[in-house]
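Colleague: Please see the structure below; I have some questions.
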Amino acid sequence: MKGKRFVVMALVLLIMVGLGAQGQKDPGVAKEVELRWASIWVGNDSKAPAVEELVAAYNAKNEGRIKVVIEPQPDYNAYEQKVRTSLAAGQVPADIFTIKLNPTTATFYQSNLLMDFNKVMDGAWKATFDAPSLAQSEIDGVLRSLPMETAILPLWFNMDLLKKVGVNEVPKTLDDMFATFDKLKAAGIAPTSQMTGDTNAWTSMIWFSHFAVALGGPNVWDKPFTDKAFVEAAKLIKRMITEYSTSDAVGLGAGGSGGHFLAGRTAVFSNGPWYAGRADLAATPFYDSIRIAGLPDAGPTKDFMISRLQANICAAATKDKAREEAIVDFLKFLTSKDSITKIAETSGAMFAIKTDFRPTVDLKRQFFIVAEGAKATASDLEAALGAEVTLEFAQQLGALALGRISAEEFCALVDRKIER
Amino acid sequence: MHIVGSNKKRIWLARILFLLPVSLLFFFFFIYPFLFTLYTSLTQWRGIGAMKFNGLANYGKLLADATFRKALKNNVVWALSQGFIQVPLACLVAMILVRKPRFWKALRTAYYLPNVISTVALAMVWVAIYNVKGPLNAILHALFGVEKLNWLGNPDVALFAVIFQTVIYIGYFMIILLAAAMNIPRSYYEAAEIDGAGTFRQEWHITLPMLRGTLVTTMTLAMAYGMRHFESTFLMTGGGPAYATTTMGIDLYLKMDALRYSEASTVGVILILMGTVVISLIRILFGTSDPMSETAQ
């Protein structure tokens with residue numbers, strides 16, 4: 001009995017000593033701050049290798065002080081759900097995470113869980129960002145996300161296919177474009193990769209955005225959707241789907257639309273610069289023959305480009321000064337000229353941070369040339385009007401293409417979903 | 001008397017203790033979320049910021065919404081096709097297999113196989129099958145000269161197409177019904193045979209009445225699944241084209257996607273209420289007081 005009592009007392013003593021030691025703070029050694037980054041730039045993403053290297057380098061430099069841990073988010077839809085549900089449940093999905101800023105996600109700005117960067121940014125850091133992108137990210141004087149990745153959404157021309165029908169240059173006018181498309185059709189080639197599936201009818205949404213801006217100007221999204229510019233754009237996109245696309249365009253998803261272009265079944269495509277970093281695209285025989293361009297002249301607005309904020313960085317608001325400083329320190333590192341250049345070099349992606357970087361790969365370089373050559377930029381439909389309007393656009397686009405509704409009815413249906 | 005009373009107390013205590021863990025789980029993971037959903041359905045809330053009470057406004061808005069009405073109609077079609085096409089098909093196959101024809105074990109496995117394959121994989125296979133240039137159109141064109149059809153892109157046939165690819169996978173209900181049919185004593189059939197009853201009469205007068213309880217259970221399960229259907233349709237069509245295949249589950253998801261949490265909650269509440277109505281209807285239709293207590297025989 002005495003022996004047992006002794007063992008118990010010894011254990012209690014050991015635990016107390018252990019706890020005591022844990023509770024003691026060595027004034028000379030600050031506790032390491034661990035930051036969780038729910039990163040979408042992982043797996044097959046073209047930015048993943050550079051981001052991983054940068055984080056490793058940052059962690060090595062700040063060993064014992066700050067450690068950034070990447071939480072991989074390879075499925076973007078699941079990731080978006082995670083962000084939404086976490087914030088709705090009163091939690092931040094991670095210390096650092098990204099969002100696509102649009103009128104729907106702008107709701108996140110109402111959450112005090114997100115850091116207001118206006119309170120922590122100094123002038124020097126602010127100056128590294130592209131001013132219009134930074135201004136676009138500020139809502140009612142609050143900057144709850146930093147613009148990181150940007151994108152232009154141009155048209156992609158497979159010149160090998162165009163040359164097959166005797167066209168050696170990207171069409172300059174809408175009439176030229178339709179004439180080219182007719183030649184392609186006659187040669188048994190589907191001119192474009194349209195689609196009405198998914199929640200945003202992605203590639204057709206880009207085409208529609210081009211048409212709408214060409215006809216209604218860069219501020220066309222401020223107009224009612226029943227405006228003549230949208231009605232005419234709707235007629236044009238219907239023509240593109242019914243006359244100049246693959247037979248499965250209605251109901252087709254982005255994978256199928258891109259798949260047609262990758263397989264050389266369609267001659268003209270639309271997507272952002274991230275698509276240029278794909279290994280399967282680089283493996284195609286026509287990779288070097290792809291030309292990037294804006295929409296041929298289709299209305300009063302010419303030489304413009306559709307662009308968007310592709311990924312904005314958010315951070316968790318915290319009262320812990322050390323943690324806040326750690327977040328700011330890492331984000332300053334991540335958005336530095338050197339870091340952005342490194343990510344851009346491997347991915348070809350475009351960023352809202354000013355650098356002198358220009359890609360060496362021709363296809364990736366064309367995006368920069370086209371962006372710099374544009375006299376005006378305008379948002380795409382999704383970036384300008386949000387998720388719900390885009391969903392209605394995608395759903396009704398099928399009905400428009402099938403002739404179930406007129407262009408006017410299509411526009412009226414989409415207009416109903418716009419909150420004013 | 002004292003001993004009897006003490007025993008009763010102990011039995012009640014044991015019942016409470018046994019029920020407590022699952023009751024607590026049920027409360028925290030169903031009752032509480034349901035009450036929260038019910039409350040948020042009466043508010044204006046975008047998931048972030050304060051909730052603003054607005055009474056039954058969301059319900060009125062939803063009922064006036066053509067998309068929601070279409071989703072509601074599609075849900076009913078789904079539930080009916082699951083309950084009145086899939087289950088009878090499963091029952092028919094079970095009634096054939098219970099007579100142990102040649103290769104019945106291989107057929108049983110074959111019918112059940114799709115149930116162990118992921119919904120995502122099956123949906124992708126069917127997207128390929130239904131493609132304009134896919135095998136279904138090729139076969140139909142070769143056999144009957146039918147014009148190629150965009151099965152998932154044509155609002156007239158898209159709902160039929162997505163329901164068909166689910167309804168034909170009868171394995172799950174077939175296994176339940178087969179297990180129940182195998183438990184029917186052979187002597188009933190032998191007696192019927194002596195009385196001169198043919199196969200059809202035996203099935204009609206012995207198998208079906210003996211399977212009644214299991215049929216009610218499988219129909220309840222099938223229709224409940226039909227009511228909450230989401231995955232394969234969302235993967236194949238996203239609810240399109242023009243909302244032709246949208247179900248209430250998809251509508252709810254898309255409303256959350258657009259940060260319309262209170263409206264999504266309203267859809268959720270209506271979905272739960274409709275599920276309750278469906279179970280009650282089956283109970284009334286089959287004249288059984290408690291279909292859920294009728295276990296597989």
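Colleague: What is the Å³ per residue value for the convex hull set by the Cα atoms of chain A? All intermediate terms of the calculation are to be shown ahead of the outcome.
Modeller: Numbers: hull volume 77.6 nm³, N = 420.
It comes to 185 Å³ per residue, whole-number rounded.
Colleague: Take every residue in peptide A:391-397, count the Cβ atoms of other chains within 10 Å of its Cβ, and give the average of those counts.
Modeller: Taking all residues of A:391-397 together, the mean is 5.
Colleague: How far apart, in nm, are the 7 Å Cα→Cβ label points at B:F164 and A:E325?
Modeller: 6.7 nm
Colleague: In chain A, with Lys and Arg counted as +1 and Asp and Glu as -1 at Cβ, which of these residues, A:T203, A:W37, A:L381, has the Cα nearest the positive end of the dipole, that is, farthest along it?
Modeller: A:W37
Colleague: Among DSSP bridges having both ends in the protein assembly as shown, what percentage is antiparallel? Round to the nearest 5. Walk me through the numbers on the way to the answer.
Modeller: Working: 24 of 40 bridges.
Expressed as a percentage, antiparallel bridges in the protein assembly as shown total about 60.
Colleague: Follow-up question, since we're still on this one. Based on the inverse mean of 1/r over its pairs of different Cα atoms, what is the Kirkwood hydrodynamic radius of region B:80-130, in Å?
Modeller: 12.7 Å
Colleague: Then there's this: What FRET efficiency, computed as 1/(1 + (r/R0)^6) with R0 = 25 Å and r the Cβ-Cβ distance, is obtained for B:I117 and B:A138, rounded to the nearest 0.05?
Modeller: That pair, B:I117 with B:A138, gives E of 0.60.
Colleague: Then there is this: Within a 10 angstrom radius of each residue's Cβ in A:80-87, how many Cβ atoms of other chains show up on average? Whole number is fine.
Modeller: Across the residues of A:80-87, the mean count of other-chain Cβ atoms within 10 Å is 2.
Colleague: If I model a spin label as a point 7 Å beyond the Cα along the Cα-Cβ vector, how far apart are those points for A:K235 and A:K332 in nm?
Modeller: Roughly 5.7 nm, to one decimal.
Colleague: What number, rounded to the nearest 500 deg cm²/dmol, is the helix-based mean residue ellipticity at 222 nm of chain A, given -39500 (n - 2.57) per DSSP H run of at least four residues and division by all its residues?
Modeller: -14000 deg cm²/dmol
Colleague: Grab the eigenvalues of the alpha-carbon gyration tensor for the protein assembly as shown, scale each by 5, take roots, and send me the semi-axes largest first in whole angstrom.
Modeller: 49, 42, 25
Colleague: Okay, next question. For a distance above 27 Å, tell me the whole-number percent of Cα pairs in region B:10-154 that qualify. Mind dumping the intermediate values first?
Modeller: Numbers: 6452 of 10440 pairs.
Of all Cα-Cα distances in region B:10-154, 62 percent exceed 27 Å.
Colleague: OK, next. Straight-line reach from B:K73: which aspartates and glutamates fall under 12 Å, measuring Cα to Cα and dropping same-chain residues less than 8 apart?
Modeller: Result set, ordered by chain and number: empty.
Colleague: What is the distance in Å between the Cα centroid of region A:359-404 and that of region A:282-312?
Modeller: The two parts, judged by their Cα centres, are 9 Å apart.
Colleague: Compute a Gaussian network model of chain B, connecting alpha carbons closer than 10 Å, and tell me which residue from B:A264, B:A142, B:A110 fluctuates the most.
Modeller: Residue with maximal mean-square fluctuation among B:A264, B:A142, B:A110: B:A142.
Colleague: In whole Å, how far is the Cα centre of region A:228-276 from that of region B:73-105?
Modeller: 41 Å
Colleague: Under 16 Å between alpha carbons, and skipping anything fewer than 8 positions from A:K82 in its own chain: which aspartates and glutamates qualify?
Modeller: A:E71, A:D95, B:D257
Colleague: Simple spin-label model, 7 Å along Cα-to-Cβ: A:F286 to B:A14 in nm?
Modeller: Each label point is offset 7 Å from its Cα along the Cβ direction, giving 7.7 nm.
Colleague: Of the residues A:K332, A:K100, A:K238, which exhibits the maximal mean-square fluctuation in a Gaussian network model of chain A defined by a 10 Å Cα contact cut-off?
Modeller: A:K332
Colleague: How large is the convex hull of the Cα atoms of chain B per residue, expressed in Å³ as a whole number?
Modeller: Looking at chain B, the number lands at 216 Å³ per residue.
Colleague: Please give the FRET efficiency for B:L89 paired with B:N7, using the beta carbon to beta carbon distance and R0 = 51 Å, rounded to the nearest 0.05.
Modeller: Values: r = 51 Å, r/R0 = 0.99.
Using R0 = 51 Å, I get an efficiency of 0.50.
Colleague: For chain B, modelled as a Gaussian network with Cα springs under 10 Å, which listed residue fluctuates most, B:I270, B:I11, B:I168?
Modeller: Among B:I270, B:I11, B:I168, the largest mean-square fluctuation in the Gaussian network model of chain B belongs to B:I11.
Colleague: Considering only lysines 8 or more places apart in sequence, or on different chains, count the pairs in region A:184-303 whose C-alpha atoms sit under 18 Å apart.
Modeller: 4
Rule-based calculations on the coordinates, nothing more; no lab input. Since we're looking at a predicted model, the values are computed, not measured. Here Cβ is always computed from backbone atoms with ideal geometry, including for glycine, and neighbour counts include all displayed protein chains.
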